[in-house]
Amino acid sequence: MNNQNIIHQFQRIMQDFKAVQDSQTTLTELMIPSYSNFGGKIHGGIILSLMDKVAYVCAAKHSDGYCITASIDVVDFLAPVEVGDLVSLMASVNYVGNTSMIIGIRVISENLKTQVKKHTNTSYFTMVAIGDDHKPKVVPGLILKSADDVRRFAQSLNRKKLKANYKKDEASIKDDYTDAQCVTLLKGERCQISL
Ligand SMILES: CC(C)(COP(=O)(O)OP(=O)(O)OC[C@H]1O[C@@H](n2cnc3c(N)ncnc32)[C@H](O)[C@@H]1OP(=O)(O)O)[C@@H](O)C(=O)NCCC(=O)NCCS
């Protein structure tokens, strides 16, 4: 194979791969009063919706097309977000399978008066690329250019394994307890049986 052929082959392979940095996305939004809950803090649903939005943009950039949310990992709200804060959501593709991508999202809120920044959420959204036939379509592979890229890909593999194990464990939870088994299980819990 001559040099020209090798270069062409390399270029073709590279076209099916994209760097993490090519689709990294930051969404910044001012927290206005209409986003607040009864307690005066920003409603968790607003943050979740923004997370879904930034995950979509990041996944759509990587796959060059329409994507849907297949799954959202645990979202812990680590600190409240205040009205007037500037919230930044940073998303990057952490892992790609065949048609799915795991998008890692880090949410930071900043008090514009004091410039104090808080890490409020981190979560992982699984997005699936959808083709014109409305079926999942294969996405480009991922070029890992930094140690962080490599670590995140490896962590995603672990997280996928843990999730698969969790699903197996969950499937083994009985949903046909007898009344007597229920009474035993509920002993010591803060509930009263009042049938
Ligand atoms: C996501 C969806 C397209 C998967 O369709 P499917 O027929 O199960 O397709 P497949 O089995 O080929 O799965 C496609 C990929 O999604 C992944 N996937 C599917 N369900 C998943 C889940 N719950 N969690 C993580 N990944 C999932 C599969 O592992 C597969 O990944 P891979 O191709 O990288 O190996 C389908 O379940 C769907 O349309 N769900 C509704 C999505 C939606 O409406 N989202 C908006 C929520 S408001």
Within segment 146-195, residues being closer than 30 Å to residue 22 by Cβ and among the β-branched types (Val, Ile, Thr) number 1
State whether the residues of segment 48-71 include one that is in contact with a Gly (Cβ under 8 Å, 6 or more places away or on another chain) and not in a loop (DSSP other than H, G, I, E, B). no
Report yes if residue 143 is in contact with a helix residue (DSSP H, G or I) (Cβ under 8 Å, 6 or more places away or on another chain), at pLDDT 95 or above and either of a type in the set (Ser, Thr, Tyr) or surrounded by 10 or more Cβ atoms within 10 Å (Cβ to Cβ) (or both), otherwise no. yes
From the option list 73, 85, 64, single residue qualifying as charged (D, E, K, R) and on the phi > 0 side of the Ramachandran plot is 64
Residues of segment 154-194 being touching a helix residue (DSSP H, G or I) at 6+ places or on another chain (Cβ under 9 Å) and surrounded by 11 or more Cβ atoms within 10 Å (Cβ to Cβ), in sequence order, are 177
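State whether one or more residues within segment 108-116 are loosely packed, with under 10 Cβ neighbours inside 10 Å and under 26 Å from the mean Cα position of the chain (by Cα). Working first, answer last.
Step one: filter segment 108-116 for residues loosely packed, with under 10 Cβ neighbours inside 10 Å, giving 113-115.
Filter again for under 26 Å from the mean Cα position of the chain (by Cα), leaving none.
The answer is no, given that none of the residues of segment 108-116 is loosely packed, with under 10 Cβ neighbours inside 10 Å and under 26 Å from the mean Cα position of the chain (by Cα).
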Which residues, counting only those in segment 65-81, are more than 16 Å from the ligand (Cβ to nearest atom) and either surrounded by fewer than 15 Cβ atoms within 10 Å (Cβ to Cβ) or under 16 Å from residue 92 (Cα atoms) (or both)? 76, 77, 78, 79
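Among 138, 150, 107, which is within 16 Å of the ligand (Cβ to nearest atom) and either not hydroxyl-bearing (Ser, Thr, Tyr) or not in a loop (DSSP other than H, G, I, E, B) (or both)?
On the way: 150 fails: within 16 Å of the ligand (Cβ to nearest atom); 107 fails: within 16 Å of the ligand (Cβ to nearest atom).
Being within 16 Å of the ligand (Cβ to nearest atom) and either not hydroxyl-bearing (Ser, Thr, Tyr) or not in a loop (DSSP other than H, G, I, E, B) (or both) holds for just one of 138, 150, 107, which is 138.
So which residues in segment 72-96 are under 17 Å from residue 159 (Cα atoms) and assigned to a strand (DSSP E or B), if there are any at all? Before you say what the answer is, go through the steps one by one.
Going residue by residue through segment 72-96, those that are under 17 Å from residue 159 (Cα atoms) are 72-76, 92-96.
Those that are under 17 Å from residue 159 (Cα atoms) and assigned to a strand (DSSP E or B): 72, 92, 93, 94, 95, 96.
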Checked against (1) surrounded by fewer than 16 Cβ atoms within 10 Å (Cβ to Cβ); (2) over 22 Å from residue 46 (Cα atoms); (3) touching a helix residue (DSSP H, G or I) at 6+ places or on another chain (Cβ under 6 Å), residue 101 satisfies every condition except (1)
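Could you grab me the full set of residues in segment 153-185 that are over 22 Å from residue 101 (Cβ atoms) and assigned to a helix (DSSP H, G or I)?
Step one: filter segment 153-185 for residues over 22 Å from residue 101 (Cβ atoms), giving 168-185.
Across segment 153-185, the qualifying residues are 168, 169, 170, 171, 179, 180, 181, 182, 183, 184, 185.
The values are calculated or read from the model by the stated rules, or taken from the named source; none is laboratory data. If you're wondering where the values come from, they're calculated on a predicted model, not measured in any experiment. Every residue, glycine among them, receives a Cβ derived from its backbone with ideal geometry; neighbour counts consider all protein chains shown.
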